[in-house]
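The values are calculated or read from the model by the stated rules, or taken from the named source; none is laboratory data. Just so it is clear, the model here is predicted, and its values are computed rather than measured. Here the Cβ is made from the backbone with ideal geometry for all residues, glycine too, and neighbour counts use every protein chain on show.
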Amino acid sequence: MSRKNPIKTIELFAGVGGFHLGLNQCNSKEQEAYNVVWSNQWEPSTKRQHASEVYQERFPDTKHSNEDIAKVIEEGFAEIPNHDLLVGGFPCQDYSVARTLSKADGLQGKKGVLWWSIHDIILKKGKNAPSYLLLENVDRLLKSPAKQRGRDFAIMLSSLNDLGYIVEWRVINAAEFGMPQRRRRVYIMAYKKGTGIHKKIRKLKEPSSWLTGEGVMNKAFPMKLEKPINVPFVIEGDLADISENFIDYNPKKSPFNTVGVMIDNQVYSSKGLPDFDDSKALHTVKWKTLRDVLQDDSEVPEEFYLKGELDKWEYMKGAKKEERKTTAGFVYNYSEGSMVFPDALDKASRTIVTGEGGATASRFKHVVATNKGLRRLTPVELERLNMFPDGHSELATISNAKRAFFMGNALVVGIVEGLGKSLYESHSKL
Ligand SMILES: C[S@@+](CC[C@H](N)C(=O)[O-])C[C@H]1O[C@@H](n2cnc3c(N)ncnc32)[C@H](O)[C@@H]1O
């Protein structure tokens, strides 16, 4: 691959294109760092494909597939172009595998588990497998499932190790790096055998130094380690062994902390403490607080102001201790603490959730106090909390509630921008 060529990228589970936006922000007039050549997005729960409609409208130059990715892999694999980087935010599901009866088939993952789609693309690409991966997930992935803490992540790491990758990960809360939303997600990067980055990591005398020194993720989102890592944790056995036996000696605690790297089957991991300096940020630092992203009241349609029903909002947001009944008639005690109401404006906002849209009173929707009164956040404000451009998800045929849903599913673009710039720098140098 010539150093001057942009990194050819495919985007899976693309939603409305958060990865694409972040990677575009790594491009400049002088240098196109990334070119997203193919994308896939399919929403299983609805007939209409709203996210895909937005994606195609915003990124007309990228080939787009709106099919179940598992079906594409099975029936139309040739459609997926060779690429240098695969990116995607996929769900946290049960990754365990079982041994198949027939030895020839080997191992079988559960159907519909989307991690295996990523895995299958890499496997089927063979010698053309991508040099790099950049993935995003909820941080629960590091600890799931509840009965065998860390098993699913161990399966993911081990399967990537079998495919020839060194993998590093980092839990990043956007707000701790000068961005306007408290959104904690685990980002995972992998470097294939044969790449300069892979070679560099292998040459390190102290492998864990990658995590606090020259590491790709650390250069973008620097962290100190709470404790030095003296001894790596070893993931033993094949995927079926891990599925069955992973850490039977301590099922309650995952060995995967918020920062880590796996080289062969050796895992170096510790808790990361953010060490952020605005002036050195690779990502755009533009808005830091909820107040920063607010539109002027004159731009906000009436439908966003709370009309009556204030007592309902106060009840939903308030502390409560009460008896509740399940639909089956079972009575139980329910309690929860109070939420800040209205939301504090002088800090980064709480995480946007997919149910953020719509007028009904809710505990989790954001409510802000403005000169004109209490109101919910507009789609543009939600876009700004994810550092999307204003109006990115706006189409005449898409409702405001859908736009809120997209943002609840999406990511903070600045994180992809930071990681993308750091990866490109190492890729071009090494
Ligand atoms: C967490 S969201 C990713 C959002 C995206 N990063 C963004 O910035 O908008 C996961 C996406 O995967 C899509 N998805 C779920 N199952 C899929 C499947 N079988 N094939 C393709 N896409 C799927 C969902 O519709 C959803 O948009």
Can you tell me which residue is nearest to the ligand (Cβ to nearest atom) among those in the stretch 86-99 that are touching a helix residue (DSSP H, G or I) at 6+ places or on another chain (Cβ under 6 Å) and farther than 26 Å from His427 by Cβ?
Cys92
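Is the stretch 102-110 home to any residue that is among the hydroxyl-bearing types (Ser, Thr, Tyr) and within 16 Å of the ligand (Cβ to nearest atom)? Give the steps one after another, and end with the answer.
Restricting attention to the stretch 102-110, the residues satisfying the condition of being among the hydroxyl-bearing types (Ser, Thr, Tyr) are 102.
Checking which are within 16 Å of the ligand (Cβ to nearest atom) leaves us with none.
Checked the stretch 102-110: no residue is among the hydroxyl-bearing types (Ser, Thr, Tyr) and within 16 Å of the ligand (Cβ to nearest atom).
With the requirement that a residue be of a type in the set (Gly, Ala, Ser) and under 23 Å from Glu176 (Cβ atoms), what does the stretch 338-364 give you?
First, pick out the residues of the stretch 338-364 that are of a type in the set (Gly, Ala, Ser): 338, 344, 348-349, 355, 357-359, 361-362.
Across the stretch 338-364, the qualifying residues are Ala344, Ala348, Ser349.
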Can we say Leu133 is closer than 26 Å to Val36 by Cβ and within 16 Å of the ligand (Cβ to nearest atom)?
yes
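Hey, among His83, His119, which residue is within 20 Å of the chain's Cα centre (by Cα) and away from the ligand (no atom under 11 Å from the Cβ)?
Working: His83 fails: within 20 Å of the chain's Cα centre (by Cα).
On inspection, the qualifying residue turns out to be His119.
So that you can scan it fast, the table gives a plain yes or no per residue for (1) assigned to a strand (DSSP E or B); (2) more than 14 Å from the chain's Cα centre (by Cα); (3) buried (at least 20 other Cβ atoms within 10 Å of the Cβ):
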residue	(1), (2), (3)
Gln108	yes, yes, no
Gly126	no, yes, no
Leu134	yes, no, yes
Asp152	no, yes, yes
Leu160	no, yes, yes
Ile172	yes, no, yes
Ala175	no, yes, yes
Val186	yes, no, yes
Lys200	no, yes, no
Name the residues in the stretch 383-430 that are near the ligand (Cβ under 10 Å from one of its atoms), buried (at least 21 other Cβ atoms within 10 Å of the Cβ) and outside any loop (DSSP other than H, G, I, E, B), would you?
Phe405, Phe406, Met407, Val413, Val416
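Please verify whether Ile352 is surrounded by 19 or more Cβ atoms within 10 Å (Cβ to Cβ), in contact with a helix residue (DSSP H, G or I) (Cβ under 9 Å, 6 or more places away or on another chain) and farther than 27 Å from Lys288 by Cα, treating the condition exactly as stated.
Values: surrounded by 19 or more Cβ atoms within 10 Å (Cβ to Cβ): yes; in contact with a helix residue (DSSP H, G or I) (Cβ under 9 Å, 6 or more places away or on another chain): yes; farther than 27 Å from Lys288 by Cα: no.
In short, no.
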Mind counting the residues in the stretch 137-150 that are out of contact with any helix residue (DSSP H, G or I) (no Cβ under 8 Å at 6 or more places or on another chain) and outside any loop (DSSP other than H, G, I, E, B)?
4
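What do you reckon, is Val16 touching a Phe, Trp or Tyr at 6+ places or on another chain (Cβ under 8 Å) and either within 22 Å of Lys110 (Cα to Cα) or assigned to a loop (DSSP other than H, G, I, E, B) (or both)? Working first, answer last.
Numbers: touching a Phe, Trp or Tyr at 6+ places or on another chain (Cβ under 8 Å): yes; either within 22 Å of Lys110 (Cα to Cα) or assigned to a loop (DSSP other than H, G, I, E, B) (or both): yes.
Yes.
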Considering each residue of the stretch 55-72, count those that are near the ligand (Cβ under 9 Å from one of its atoms), surrounded by 18 or more Cβ atoms within 10 Å (Cβ to Cβ), closer than 12 Å to Ala14 by Cα and not aromatic (Phe, Trp, Tyr), and give that number.
2
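Which residue, of Ser45, Ser52, is over 19 Å from Lys421 (Cα atoms), crowded, with 19+ Cβ neighbours inside 10 Å and within 11 Å of the ligand (Cβ to nearest atom)?
Values: Ser45 fails: crowded, with 19+ Cβ neighbours inside 10 Å.
On inspection, the qualifying residue turns out to be Ser52.
Considering only the stretch 21-35, I want to know if a residue exists there that is assigned to a helix (DSSP H, G or I), at pLDDT 95 or above, of a type in the set (S, T, N, Q) and within 13 Å of the ligand (Cβ to nearest atom).
Restricting attention to the stretch 21-35, the residues satisfying the condition of being assigned to a helix (DSSP H, G or I) are 21-24.
Narrowing further to those that are at pLDDT 95 or above: 21-24.
Those still in the list that are of a type in the set (S, T, N, Q) too: 24.
From what's left, within 13 Å of the ligand (Cβ to nearest atom): 24.
Checking the stretch 21-35: at least one residue is assigned to a helix (DSSP H, G or I), at pLDDT 95 or above, of a type in the set (S, T, N, Q) and within 13 Å of the ligand (Cβ to nearest atom).
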Filter the stretch 308-325 down to the residues that are of a type in the set (A, V, I, L, M) and surrounded by 10 or more Cβ atoms within 10 Å (Cβ to Cβ) and list them by number.
Leu310, Met316
